[in-house]
Every structure is written in structure tokens, then in C-alpha cells.
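Trainee: One structure coming up, written as C-alpha cells, with questions to follow.
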Number of protein chains: 2
Amino acid sequence: MTQVPTRERLLDAAGDLFYKHGFQAVGLDQILDTVGITKTAFYKHFASKDDLIVAILDHRDQREMEEWMAYIRIRGRDDARRQLEALFELLDDWFKNPEFRGCLFLNALTEFPSENDPINRAARKHGEHLAAAVMELASHAGAAEPGALTEQLMLLVTGAIASRHRGGDLDAAKTAEAMAKVLISSACGPAARRR
Amino acid sequence: MTQVPTRERLLDAAGDLFYKHGFQAVGLDQILDTVGITKTAFYKHFASKDDLIVAILDHRDQREMEEWMAYIRIRGRDDARRQLEALFELLDDWFKNPEFRGCLFLNALTEFPSENDPINRAARKHGEHLAAAVMELASHAGAAEPGALTEQLMLLVTGAIASRHRGGDLDAAKTAEAMAKVLISSACGPAARRR
DNA sequence: CCAGAGGTTGACTCCGGGTACACCACATTC
DNA sequence: GAATGTGGTGTACCCGGAGTCAACCTCTGG
């Protein structure tokens, strides 16, 4: 019976609560109640609530990047172009989840708008990681200007998430996917499909 | 000497603070200090902080819609297609402002994620107003499917704002504008320009 | 055997949202 | 000329959340 260490349980439980209700809206006590420890115990794991948030963002960044890349590899086979397109299929799957509340990292960015804030930094890193991954796929796909395509696709991804979050467009992922396919085709040439 | 009524000053000052630092991050006291009144006086104007936020969102929705439509009419002349494109020029101007901190309404949506929350409702209304305006322009521009074009353009607008807010793409408006022009052309026919 | 990690209880500070009460000044209206 | 409403003031207060502190417990490994 290897018990799940408290630190992990804190990261999980607090992450879920923050995602559902927002970072500032969730009190420490609420987190401590669900995990079942006391305040003093908490402060032996994390220096502050902010520290906890940073740890959550780092942890989820890593986890989500792995999950997303795995999904993309499976759905996109060995075709970099198809993999780029799979990114939007992933979004569609995600948006169908009734628990969807936007992107944790984008949410963190708006709740902690100061650029010096460690939380803000941690949240921005996720965007950079995703952009780097897209950039690599764009290069592999033979895009004429991988950088430009990356900015376009990232804007579509961000826009789809924010649109769906706003509640206006329930099929935001499909909307974005249609645009993405056009962009990918025109950037990589209409036919060629490379590794 | 018609003094600016306190209610207006509260809306302005609190709106600015909320935009800069976030809704939950700004305390009532901070607002009261900048306006120069006491807590008791505040509660004679608004029932609560939430009530104040709703009033600010309503107020700014109206103001921003007027400003945006005026900008679009000036830059787009009497050409609905050019007016749609002008929307992205407006974004570019906005993004150049160093005070840019994202969209107040999108920010409100992430800080108050509960759909029942009056603040959430008020923030969503702004998106609906803007979408309605875009829809009308899309119809005037002779789009084959105005609804589809509206969803695409709204996604680009939202994506540009969120991308710029994320800090990844400083030229997000240009990126979105390029995509928008293609979409508008293909939806309305490559040449025709109507009122 | 002892140190250290992870835990407990309980009391405490400070700050923010919100309330209650008593009071003041001025303009309008009966 | 008194009454009332509006927009203020000041002070004292309650509650909940973040964070601190001190004293103590228990299990585990060198």
C-alpha cells in the first residue's frame, strides 16, 4: 500500500479546485479540507499559496504537454501535417467535456497579470512549450515559413479555447480546424506530406 | 461647476484598477482611496463590490461598442468588407498601447467562471453585442454564410486578444488580419465590394 | 537511540468585504 | 419654517482568508 504522498494530493486537489473556480476564489481552507490536512502541515510542503500555484502550473504543464503530444502522435501517425491537424481534433475532444473551464494557464495569466509575478512566468512557459512543439511540427511538415505558420496556428488554438470559454461558439474547435487546414495547406503546399 | 458625480468617478476609477490588476486582486479600500470617499458612502451607490463590477461591465460595454463602431465606420468608409477588416486595424492600435492587459470582459469571464454569476452574464453580453455587429457587417458584405464568417472572425478577434495578452505574439493583430482578409475574400467573393 | 519528515492542535496577526449606528450639510418640497 | 431626501462623514464591529508560531506526536532509517 504505497500511499499517495500529500504533496501530490495537494497538487491534484488544488489544481482541480483552481481550474473549476479560479485561483483567487478558492481559499486555502477549502483545499485543506478536501485533502484532509491542517494549515501547518500545508506550510511544510509549500511556502505560500502562490508557491503552490506555481508548482501546480509546472506540474500540469509537463503532464499536459506529454498527453497532448501523445494524442497528436497517435492521431497524426507519422505525418507531421496530420499531426498539426490532430491538435485541433484534440481541442474538439476537450471542448466536449462539460468540465471545460478554459485553459488553466491562460486563466492564471489573467488572474495574475503582473509580468514579474512568478505565477505569470510559470503560466507563460506553457505557451512557449506548446509553441515550440508546434514549430517543430511545422518545420517537419515542410512549411515555407514555420515561424509564421506557428504564430497563426497558436492564435487559432488560443482563439478556439477563449471562444469556447466565452461560450459563444460551442464548435470553436471545428471552426479553428477548418481555418487551420487551409493555412497548413497553403504553407506546406497542397499535396506533399512529409515526415 | 458641475462636479463629476461620485458614481461616475467610482465606475471610472474602479474600472481602471480592475483592468490593470484584476477584479479580485483590487480591494475596495484601494478604490475608495483613489476616489476619496468612505466605505459607507460607497454602499450608498452600490449594493456590493459585485454590483459595482456589473455596473462597470455594462457601462464599458456600451462605451466600447460605440467607440469601436465609430472607428470601424471611419476607417472602413461605407464599405462593409473594409469595415470588417478595420476591426483588426483597431486591434492593432489597441495592442500597441503599453497599458494593454487583455480584454476586460474576457478577464471577467475567467475570474467569475460560474455561468449563473451576474458578472459572468454581464461579461458574456459584450461578446454577444460584438458578434451581432460583426454579423450585420458580414451580411452587408454579402457573405455566403454570414453566421459562419462571424464565428470565424470572432474566433480570430478573441484569439488575437488572448495571444497578445499571453505575450507570445506581439503582432497578433497583424497575424489575425492576414487570416481574416483571406476568409472575408473567400466568403464574399474575391472582388465584389458592397455597401 | 536519535534525527528528521510529516503530522496534530490552538492561538494569533493582518487584511478585505460588508454592516450598523450616529451624525452632518444642503436642496427641495409641503 | 419644518420635513425629507441625498450624499457625505467617522467609528466600531463581524466574518473569512492568508500566514505565523509554539508545543507536541509518531513513524522510519542510519
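Trainee: Would you mind finding the one in A:172, A:160, A:132 that is among the small types (Gly, Ala, Ser) and over 30 Å from residue B:114 (Cα atoms)? Walk me through how you get there before you give the answer.
Mentor: Working: A:172 fails: over 30 Å from residue B:114 (Cα atoms); A:160 fails: over 30 Å from residue B:114 (Cα atoms).
Residue meeting the stated conditions: A:132.
Trainee: Would you tally the residues in the stretch A:40-62 being near DNA strand D (Cβ under 9 Å from one of its atoms) and within 14 Å of another protein chain (Cβ to nearest Cβ)?
Mentor: Selection size over the stretch A:40-62: 2.
Trainee: If you don't mind, another one. Restricted to the stretch A:70-84, and to residues that are part of a helix (DSSP H, G or I), surrounded by fewer than 18 Cβ atoms within 10 Å (Cβ to Cβ) and not hydroxyl-bearing (Ser, Thr, Tyr), which residue is farthest from the chain's Cα centre (by Cα)?
Mentor: Keep residues of the stretch A:70-84 that are part of a helix (DSSP H, G or I), which gives A:70-76, A:80-84.
This time we only want the ones that are surrounded by fewer than 18 Cβ atoms within 10 Å (Cβ to Cβ), so: A:70-71, A:73-75, A:82.
Among the residues that remain, those that are also not hydroxyl-bearing (Ser, Thr, Tyr) are: A:70, A:73-75, A:82.
Working: A:70: 14, A:73: 17, A:74: 18, A:75: 18, A:82: 20 Å.
The selected residue is A:82.
Trainee: Checking residue A:187 against (1) in contact with a Cys (Cβ under 7 Å, 6 or more places away or on another chain); (2) more than 11 Å from chain B (Cβ to nearest Cβ), only one condition comes out false. Which one?
Mentor: Failing condition for residue A:187: (1).
Trainee: Considering only residues that are within 13 Å of DNA strand D (Cβ to nearest atom), within 14 Å of chain B (Cβ to nearest Cβ) and among the hydroxyl-bearing types (Ser, Thr, Tyr), which ones fall in the stretch A:6-34?
Mentor: Answer for the stretch A:6-34, where residues must be within 13 Å of DNA strand D (Cβ to nearest atom), within 14 Å of chain B (Cβ to nearest Cβ) and among the hydroxyl-bearing types (Ser, Thr, Tyr): there is none.
Trainee: Applying the selection to the stretch A:141-195, what residues are at pLDDT below 95, closer than 22 Å to residue B:151 by Cα and touching a Gly at 6+ places or on another chain (Cβ under 6 Å)?
Mentor: A:166, A:168
Trainee: Out of curiosity, is residue B:94 over 23 Å from residue A:109 (Cα atoms) and either within 14 Å of chain A (Cβ to nearest Cβ) or more than 16 Å from DNA strand C (Cβ to nearest atom) (or both)?
Mentor: Values: over 23 Å from residue A:109 (Cα atoms): no; either within 14 Å of chain A (Cβ to nearest Cβ) or more than 16 Å from DNA strand C (Cβ to nearest atom) (or both): yes.
In short, no.
Trainee: If only one of A:175, A:150 is farther than 24 Å from residue B:110 by Cβ and out of contact with any Pro (no Cβ under 8 Å at 6 or more places or on another chain), which one is it?
Mentor: Details: A:175 fails: farther than 24 Å from residue B:110 by Cβ.
After applying the criteria, what remains is A:150.
Trainee: Condition test on residue B:37, is it surrounded by 16 or more Cβ atoms within 10 Å (Cβ to Cβ), part of a loop (DSSP other than H, G, I, E, B) and either away from chain A (no Cβ under 14 Å) or of a type in the set (A, V, I, L, M) (or both)?
Mentor: Values: surrounded by 16 or more Cβ atoms within 10 Å (Cβ to Cβ): yes; part of a loop (DSSP other than H, G, I, E, B): yes; either away from chain A (no Cβ under 14 Å) or of a type in the set (A, V, I, L, M) (or both): yes.
When the stated conditions are applied, residue B:37 passes them.
Trainee: Take the stretch B:3-22 and flag every residue that is away from DNA strand C (no atom under 13 Å from the Cβ) and farther than 23 Å from residue B:105 by Cα.
Mentor: To start, the set of residues in the stretch B:3-22 that are away from DNA strand C (no atom under 13 Å from the Cβ) comprises B:4-9, B:11-13, B:15-16, B:19-20.
Matches in the stretch B:3-22: B:4, B:5, B:6.
Trainee: Right, here's the next one. All but one of (1) more than 10 Å from DNA strand C (Cβ to nearest atom); (2) outside any helix (DSSP H, G or I); (3) among the hydrophobic types (A, V, I, L, M, F, W, C) hold for residue B:25; which doesn't?
Mentor: (1)
Trainee: Check the stretch B:64-87 and report whether any residue there is within 16 Å of DNA strand D (Cβ to nearest atom) and without any contact (Cβ under 8 Å) to a residue 60 or more places away in the chain.
Mentor: Just the residues of the stretch B:64-87 that are within 16 Å of DNA strand D (Cβ to nearest atom), to begin with: none.
So far as the stretch B:64-87 goes, no, none of its residues is within 16 Å of DNA strand D (Cβ to nearest atom) and without any contact (Cβ under 8 Å) to a residue 60 or more places away in the chain.
Trainee: Here's a follow-up. Condition first: away from chain B (no Cβ under 11 Å) and surrounded by fewer than 17 Cβ atoms within 10 Å (Cβ to Cβ). Can you find one or more residues in the stretch A:108-120 that meet it?
Mentor: Filtering the stretch A:108-120 down to residues away from chain B (no Cβ under 11 Å) leaves A:116, A:118-119.
Adding the requirement that they be surrounded by fewer than 17 Cβ atoms within 10 Å (Cβ to Cβ) leaves A:116, A:118.
Yes, there is a match, as at least one residue in the stretch A:108-120 is away from chain B (no Cβ under 11 Å) and surrounded by fewer than 17 Cβ atoms within 10 Å (Cβ to Cβ).
Trainee: Can you list residue pairs whose Cβ atoms sit under 8 Å apart, with the first residue in the stretch A:150-174 being more than 7 Å from chain B (Cβ to nearest Cβ) and the second being small (Gly, Ala, Ser) and not in a helix (DSSP H, G or I)? Count only pairs 6 or more apart in sequence or on different chains.
Mentor: A:161/A:102; A:164/A:102
The values are calculated or read from the model by the stated rules, or taken from the named source; none is laboratory data. This one's a predicted model, so the numbers in the text were calculated from it and none came from an experiment. Using ideal geometry, Cβ is built from the backbone for each residue, glycine included, and neighbour counts are taken over all protein chains shown.
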